[in-house]
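So the structure is just underneath, and the comments pick up after that.
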């Protein structure tokens, strides 16, 4: 079986690695907005199930509208939680 040629390693230059790691910081408004969206979404769904038929705004939106608003706010909160460092 033929023997393969050896590679020349004289041209190898190691990659420069920075000594200080990058700091990833999220904006100061991100965490409070995330918490507010999560809590408002939860409260919207809970209030809809408890007293949705008696409140005029929730009665006009219907079932899917109220659930959509509540879960939409919670989804925004979860999306913002992925951006928080």
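No value in this document is a laboratory result; all are computed from the given coordinates. Note that the coordinates shown come from a computational prediction; the quantities given were computed from them, not determined experimentally. Using ideal geometry, Cβ is built from the backbone for each residue, glycine included, and neighbour counts are taken over all protein chains shown.
Run through all the Cα pairs of region 14-85 and give the fraction in each 10 Å bin from 0, expressed as whole percent.
19, 33, 20, 13, 7, 5, 2, 0
Could you line up 45, 35, 57, 15 from fewest to most neighbouring Cβ atoms inside 10 Å? Could you put the intermediate results ahead of the total?
Values: 45 18, 35 13, 57 9, 15 4.
Neighbour counts put them in this order, fewest first: 15, 57, 35, 45.
In what order do 64, 38, 30 fall by count of nearby beta-carbon atoms within 10 Å, going from fewest to most?
64, 30, 38
Which angle between 0 and 90 degrees, to the nearest 10, do you get for helix 56-82 versus the longest principal axis of the chain when only C-alpha atoms count?
Tilt relative to the chain: about 20 degrees.
I'd like the orientation of helix 30-51 relative to the chain: the angle between its Cα long axis and the longest Cα principal axis, in ° from 0 to 90, rounded to 10.
For 30-51 against the chain, the angle is about 30 degrees.
Counting other C-beta atoms within 10 Å, which of 24, 49 has the fewest, and how do the rest follow?
Values: 24 6, 49 11.
Starting with the residue having the fewest Cβ neighbours, the order is 24, 49.
For the chain, with a Gaussian network of springs between Cα atoms less than 10 Å apart, report the residue from 56, 21, 32 with the top mean-square fluctuation.
For the chain, modelled as a Gaussian network with Cα springs under 10 Å, the answer is 21.
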